[in-house]
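Novice: So that we are looking at the same thing, I have put the structure below in structure tokens.
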Amino acid sequence: MMPTSPLVVGAVAVVGLLLAVAVVRRARGPSADARESKRAHETAQDREPPVAIGETYELGVTELTDHHSGSEVAVGKVEGFVVFTADVPSDLSAGDVIRARVLSFNEGRTSADATFVTKV
């Protein structure tokens with residue numbers, strides 16, 4: 001039998017530890033954030049949206065993100081209801097307050113798309 005080098009033993013130990021961590025994480029299930037997000041989504045599906053198409057609402061921008069169309073959108077909430085606002089000015093930042101006009105709802109009516117009206 002060939003002698004085993006300490007480097008090989010160390011590499012095998014690291015791989016074994018990484019596999020053990022992956023198994024434990026998988027067994028524990030989704031993170032607390034993922035569980036909370038799922039609960040919020042389910043709650044949103046069970047209520048009427050607090051916004052109406054064609055109406056203008058004031059909301060705080062929680063983040064700016066890239067839309068699948070390639071443009072930047074502002075994300076904010078009205079009574080906990082997510083509103084994605086397009087056509088935002090380039091100087092808009094998270095924390096700004098804006099007015100946005102609701103244009104449509106997503107398929108499950110758990111969020112809305114809007115267009116920017118003005119910065120407050």
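The values are calculated or read from the model by the stated rules, or taken from the named source; none is laboratory data. The model shown is predicted, which means the values in this text are computed figures rather than measured ones. All Cβ positions, glycine included, derive from the backbone under ideal geometry; neighbour counts span all protein chains shown.
Table: residues versus (1) at pLDDT below 75; (2) over 24 Å from ALA94 (Cβ atoms).
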position	(1), (2)
VAL12	no, yes
GLY29	yes, yes
PRO49	no, no
ILE53	no, yes
GLU58	no, no
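Novice: Further, regarding this structure: Could you tell me whether any residue of region 69-83 is surrounded by fewer than 11 Cβ atoms within 10 Å (Cβ to Cβ) and either outside the structural domain of LEU103 (by TED's automatic domain parsing) or hydroxyl-bearing (Ser, Thr, Tyr) (or both)?
Specialist: Yes, region 69-83 contains a residue that is surrounded by fewer than 11 Cβ atoms within 10 Å (Cβ to Cβ) and either outside the structural domain of LEU103 (by TED's automatic domain parsing) or hydroxyl-bearing (Ser, Thr, Tyr) (or both).
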